[in-house]
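Q: What follows is a structure written as structure tokens; I'll ask about it next.
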Amino acid sequence: MSLVESNTPGTLIGSGRVALVLEYNGSRYHGWQSQKSGHPTVQQHLEAALSKVANSPVDVICAGRTDAGVHASHQVIHFDTIATRSFRSWIMGANANLPGDISVHWVGNVPDSFHARFSALNRRYRYVIYNSPIRPALFNETVTWNYRPLDEGRMATAAKSLVGEHDFSSYRAAGCQAKSPVRTIEFLNVQRFGDFVILDIQANAFLHHMVRNISGVLMAIGCGKHHEGWAEEVLHEKDRAAGGVTAPPYGLYFVGVGYDGGHIPSSEPGPSLLKPYYVGS
């Protein structure tokens with residue numbers, strides 16, 4: 001059953017706390033969060049669209065803010081509203097007022113205690129690498145192109161040292177504002193499907209640029225620039241300068257959030273461009 005099919009079109013939703021699932025191509029946006037600069041963001045467009053449907057201002061909170069150029073196949077947000085609309089009206093009304101690269105998939109009422117960010121138990125990302133000598137025209141700015149042959153086996157071996165609870169100071173942005181650099185990676189898998197190399201990572205939370213910095217280190221190992229133990233050496237340095245180049249944003253997808261209570265429907269992790277190459281679990 002798809003997300004849209006999990007409620008009937010006539011189901012009334014609103015007059016309280018509402019959760020919503022959406023996907024977006026982040027290529028032309030300056031990230032998720034609205035900015036005083038006026039640069040286009042996903043949040044800005046979503047709030048404008050929902051406000052039109054609700055006929056009143058709507059402010060949203062997301063499960064995980066994404067940077068400029070980063071995509072999402074399963075972003076979760078919540079908002080409070082006094083408006084009541086049908087399931088179909090929320091989704092179709094929002095999508096009619098959104099750009100073509102942002103799409104709402106599901107909406108439903110949730111308890112007042114639900115918080116898209118603080119109720120999250122874990123978050124999941126996938127980093128998609130197109131590994132070919134020739135740059136991809138059709139996947140431009142939706143995958144990261146690496147022309148050097150990558151050994152996914154070496155990358156997978158190196159990734160094992162990052163699983164578990166660690167101080168990820170070496171893998172966060174220099175300007176990261178998180179109070180603690182300690183995070184717990186629940187799994188980090190590396191697999192190849194044709195020309196695609198996929199990094200699939202889930203953690204209790206992530207630091208700024210953490211996935212992109214891990215991806216940069218693993219790609220450097222995969223192309224033979226560094227040995228398999230380098231990922232762990234970087235980890236123990238606890239110094240961002242030890243970690244090399246941050247991988248581009250285009251290959252990064254926010255693909256899932258875990259919650260208790262069954263309030264948010266689950267879906268097959270994306271992005272959909274990988275089918276049938278990669279379905280995953």
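The values are calculated or read from the model by the stated rules, or taken from the named source; none is laboratory data. Since we're looking at a predicted model, the values are computed, not measured. Please note: Cβ atoms are built from the backbone with ideal geometry, for glycine as well, and neighbour counts cover all protein chains shown.
Q: Just to be sure before I move on: is R135 charged (D, E, K, R), assigned by TED's automatic domain parsing to the domain that holds I201, touching a residue at least 12 places away in the same chain (Cβ under 8 Å) and exposed (fewer than 12 other Cβ atoms within 10 Å of the Cβ) in the structure I sent?
A: yes
Yes/no per residue for (1) surrounded by fewer than 20 Cβ atoms within 10 Å (Cβ to Cβ); (2) closer than 28 Å to V211 by Cα; (3) in the same structural domain as T144 (by TED's automatic domain parsing); (4) not aliphatic (A, V, I, L, M):
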site	(1), (2), (3), (4)
P9	yes, no, no, yes
G16	yes, no, no, yes
V21	no, yes, no, no
H39	yes, yes, no, yes
E47	yes, yes, no, yes
I61	yes, yes, no, no
T66	no, yes, no, yes
D101	yes, yes, no, yes
F114	yes, yes, no, yes
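Q: In addition: When the residues of region 229-259 are narrowed to those that are assigned to a helix (DSSP H, G or I) and among the hydrophobic types (A, V, I, L, M, F, W, C), which ends up farthest from V182 (Cα to Cα)?
A: W230
Q: Give the residues of region 105-149 that are in a loop (DSSP other than H, G, I, E, B), among the β-branched types (V, I, T) and out of contact with any His (no Cβ under 9 Å at 6 or more places or on another chain), sorted by residue number. Walk me through how you get there before you give the answer.
A: Taking region 105-149 and keeping what is in a loop (DSSP other than H, G, I, E, B), we get 110-121, 132-143, 147-149.
Of the ones still in play, those that are also among the β-branched types (V, I, T) are 110, 134, 142-143.
Selection gives I134, V143.
Q: Return the residues of region 150-201 that are buried (at least 18 other Cβ atoms within 10 Å of the Cβ), in a strand (DSSP E or B) and either over 19 Å from the mean Cα position of the chain (by Cα) or not assigned by TED's automatic domain parsing to the domain that holds G216 (or both); say none if nothing qualifies.
A: H166, R192
Q: If you don't mind, there's one more thing I want to ask. Restricting to region 23-37, count the residues that are buried (at least 18 other Cβ atoms within 10 Å of the Cβ) and either of a type in the set (A, V, I, L, M) or assigned to a loop (DSSP other than H, G, I, E, B) (or both).
A: Residues meeting the conditions: 7.
Q: If the Cβ limit is 7 Å and pairs must be 6+ apart or interchain, which residue in region 41-52 that is among the acidic types (D, E) pairs with which residue that is modelled with pLDDT of 95 or more?
A: E47/V58; E47/D59; E47/V60
Q: Taking the options G16, G10, name whichever one is touching a helix residue (DSSP H, G or I) at 6+ places or on another chain (Cβ under 8 Å) and touching a residue at least 24 places away in the same chain (Cβ under 8 Å).
A: G10
Q: Here is a further query. Take T84 and decide whether it is surrounded by fewer than 16 Cβ atoms within 10 Å (Cβ to Cβ), of a type in the set (V, I, T), not in a loop (DSSP other than H, G, I, E, B) and not assigned by TED's automatic domain parsing to the domain that holds V234.
A: So T84 passes the test.
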